[in-house]
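Novice: Okay, here's the structure, questions in a sec.
Since every read-out is calculated from the coordinates, none of them should be taken as a lab result. From a predicted model like this one, the values you see are computed outputs, not experimental measurements. Here Cβ is always computed from backbone atoms with ideal geometry, including for glycine, and neighbour counts include all displayed protein chains.
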Amino acid sequence: MEYVLLGSSNLRASVIAFGAWQIGDTSFWGKSDEKEVKEVIDYAIDIGVNLFDTAEMYGSGESETQLGRMIAKEKRSKIIIATKVSPQNCTKELLIRSCEESLKRLNTDYIDLYQIHWPPKDVSFEEIIPIMKKLQEQGKIRFIGISNFGIQNMQEWIEKGGTMVSNQIGYNLLFRSPEYEIIPFCRDNNIGVLVYMPLMQGLLAGCWSSVEEIPLLRRRTRHFSKNRPGTRHDEEGCERLTIETVQAIHALSEHLEIPIATLSLSWLKWQKGVSSIIVGCRSKKQLESNLEALLKPLDPEVLSLLNEITYPLKRYMGKNADMWENEKNARIR
Ligand SMILES: NC(=O)c1ccc[n+]([C@@H]2O[C@H](COP(=O)([O-])OP(=O)(O)OC[C@H]3O[C@@H](n4cnc5c(N)ncnc54)[C@H](OP(=O)(O)O)[C@@H]3O)[C@@H](O)[C@H]2O)c1
């Protein structure tokens with residue numbers, strides 16, 4: 001396993017991390033097989049995957065609870081637990097309580113990386129930053145992270161005296177908006193980049209070949225038409241371009257004899273500024289296949305080809321790094 005230091009911290013995170021949203025949030029992901037989940041978590045730790053990402057929001061705490069239950073006490077010190085506080089719980093009154101409840105559910109005395117899940121709309125950074133620092137001084141959290149912060153958000157956080165070792169953002173071959181501003185800003189300011197949705201929730205794993213086959217909740221991003229139920233962006237979407245792009249990546253993966261999920265993760269692994277890739281997986285088989293992305297570097301020619309294939313989609317999506325909201329209402333600023 002390869003490891004990277006997250007920003008200025010001494011957190012040595014594996015370059016492939018374990019996304020734990022899938023475990024516990026049955027309303028989004030359906031039911032998982034508990035035995036299979038335990039097996040994949042044990043396997044992940046044994047093979048050196050040490051960063052586990054969850055959030056109080058996932059399954060209303062159930063993801064944290066299951067993770068807390070499944071990580072054996074003797075293995076706790078080997079891993080980095082990253083969880084997130086929801087934006088509506090960032091007030092003075094609620095933030096400390098949220099952190100303490102996460103600690104209880106995770107069955108641990110400390111959270112290694114405590115992240116603000118989305119920039120809160122109604123709570124100022126002046127209010128949040130001192131509380132995060134207090135939690136850190138008390139040893140309840142080791143490091144502060146942010147998630148879904150754009151450069152304006154990051155600049156403001158820094159100006160108000162905030163620190164962060166990482167920013168967690170949505171980034172993959174079908175969504176390259178963070179390349180315009182967020183990743184360069186993070187690189188310049190020594191902020192680790194944790195990537196979420198690296199497989200576009202299965203679309204880049206070859207799970208479906210038409211929009212209709214994609215589960216409803218996984219087709220709400222700006223790629224899909226505003227007429228799809230559950231979308232919030234009010235845009236036309238670019239369904240045809242999205243499917244054509246997936247088909248072209250698929251064709252390349254077949255030509256190279258590399259599974260499309262492996263190719264997609266490999267491409268991310270070689271993007272400058274990316275620290276760790278958080279992949280959601282529910283079986284040992286999926287994790288094993290995802291780890292293959294680390295085996296050998298991608299040929300620079302293949303990297304360029306993938307950049308070329310996905311460029312029209314990158315251009316369509318533009319700089320707005322909010323995958324679900326239009327430019328005007330974007331929560332990532
Ligand atoms: N900060 C944020 O706002 C935010 C937002 C989203 C996610 N996250 C975090 O990022 C993690 C990853 O994102 P994500 O889970 O949304 O998306 P993802 O990692 O792109 O997709 C995960 C899904 O892809 C499928 N998959 C994974 N490996 C596969 C393989 N080798 N072959 C075939 N299918 C495979 C599985 O679908 P099936 O389960 O259907 O098999 C899995 O549940 C989450 O668990 C969560 O921790 C954070």
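Novice: Out of all the residues in region 263-311, which are aliphatic (A, V, I, L, M), more than 21 Å from Val193 (Cβ to Cβ) and surrounded by 14 or more Cβ atoms within 10 Å (Cβ to Cβ)? Explain how you work it out, then say what you get.
Specialist: Taking region 263-311 as the starting set, the residues that turn out to be aliphatic (A, V, I, L, M) are 263, 265, 268, 274, 277-279, 287, 291, 293-295, 298, 302-303, 305-306, 309.
Add one more test, that the residue is more than 21 Å from Val193 (Cβ to Cβ), and what stays is 287, 295, 302, 305, 309.
Once the filter is applied, which keeps residues that are aliphatic (A, V, I, L, M), more than 21 Å from Val193 (Cβ to Cβ) and surrounded by 14 or more Cβ atoms within 10 Å (Cβ to Cβ), region 263-311 yields Leu287, Val302, Leu305, Ile309.
Novice: Show the residue pairs that are 6+ apart or on different chains and have beta-carbon atoms under 6 Å apart, the first residue being within region 178-198 and farther than 13 Å from Ala17 by Cα and touching a residue at least 60 places away in the same chain (Cβ under 8 Å), the second being of a type in the set (A, V, I, L, M, F, W, C) and in a helix (DSSP H, G or I).
Specialist: Here the result reads Glu181/Ile151, each pair linking region 178-198 to a residue that is of a type in the set (A, V, I, L, M, F, W, C) and in a helix (DSSP H, G or I).
Novice: Scan region 10-27 for residues that are touching a Lys or Arg at 6+ places or on another chain (Cβ under 8 Å) and more than 16 Å from the ligand (Cβ to nearest atom) and jot them down.
Specialist: Matches in region 10-27: Leu11 only.
Novice: Go through region 99-110 and give me each residue that's aliphatic (A, V, I, L, M) and either free of Cβ contacts under 8 Å to residues at least 40 places away in the same chain or on the phi > 0 side of the Ramachandran plot (or both). Break it down stepwise before answering.
Specialist: Initially, region 99-110 is screened for residues aliphatic (A, V, I, L, M), giving 103, 106.
Within region 99-110, Leu103 is the sole residue that qualifies.
Novice: Follow-up. Inspect region 60-80 for any residue being within 12 Å of the ligand (Cβ to nearest atom), more than 26 Å from Asn329 (Cα to Cα) and either in a loop (DSSP other than H, G, I, E, B) or small (Gly, Ala, Ser) (or both) and give the result as yes or no.
Specialist: So in region 60-80, the residues within 12 Å of the ligand (Cβ to nearest atom) come out as 63-64, 67.
Narrowing further to those that are more than 26 Å from Asn329 (Cα to Cα): 63-64, 67.
Keeping just the survivors that are either in a loop (DSSP other than H, G, I, E, B) or small (Gly, Ala, Ser) (or both) gives 63.
Yes, some residue in region 60-80 is within 12 Å of the ligand (Cβ to nearest atom), more than 26 Å from Asn329 (Cα to Cα) and either in a loop (DSSP other than H, G, I, E, B) or small (Gly, Ala, Ser) (or both).
Novice: Ok, one more. Quick one: in region 111-143, which of the residues that are farther than 15 Å from Asn89 by Cβ and touching a residue at least 60 places away in the same chain (Cβ under 8 Å) is nearest to the chain's Cα centre (by Cα)?
Specialist: Going through the qualifying residues, I end up with Leu113.
Novice: Ok, one more. Somewhere in region 52-59, is a residue among the polar types (S, T, N, Q) and surrounded by fewer than 21 Cβ atoms within 10 Å (Cβ to Cβ)?
Specialist: Residues of region 52-59 among the polar types (S, T, N, Q): 54.
After this cut, where a residue has to be surrounded by fewer than 21 Cβ atoms within 10 Å (Cβ to Cβ) as well, the list is none.
There is no residue in region 52-59 that is among the polar types (S, T, N, Q) and surrounded by fewer than 21 Cβ atoms within 10 Å (Cβ to Cβ).
Novice: Turning to a different aspect of this structure: Could you grab me the full set of residues in region 1-51 that are acidic (Asp, Glu) and in a helix (DSSP H, G or I)? Write out each step before concluding.
Specialist: In the first step, residues of region 1-51 are kept if they are acidic (Asp, Glu); the result is 2, 25, 33-34, 36, 39, 42, 46.
Of everything in region 1-51, those that are acidic (Asp, Glu) and in a helix (DSSP H, G or I) turn out to be Glu34, Glu36, Glu39, Asp42, Asp46.
Novice: I need the full set of residues from region 152-180 which are more than 16 Å from the ligand (Cβ to nearest atom), β-branched (Val, Ile, Thr) and either farther than 24 Å from Val15 by Cβ or part of a strand (DSSP E or B) (or both), in order please.
Specialist: The answer is Ile158, and nothing else.
Novice: Give region 107-146 a look and list any residue that's under 22 Å from Arg76 (Cβ atoms), among the acidic types (Asp, Glu) and not in a loop (DSSP other than H, G, I, E, B), or say none.
Specialist: Asp112, Glu137
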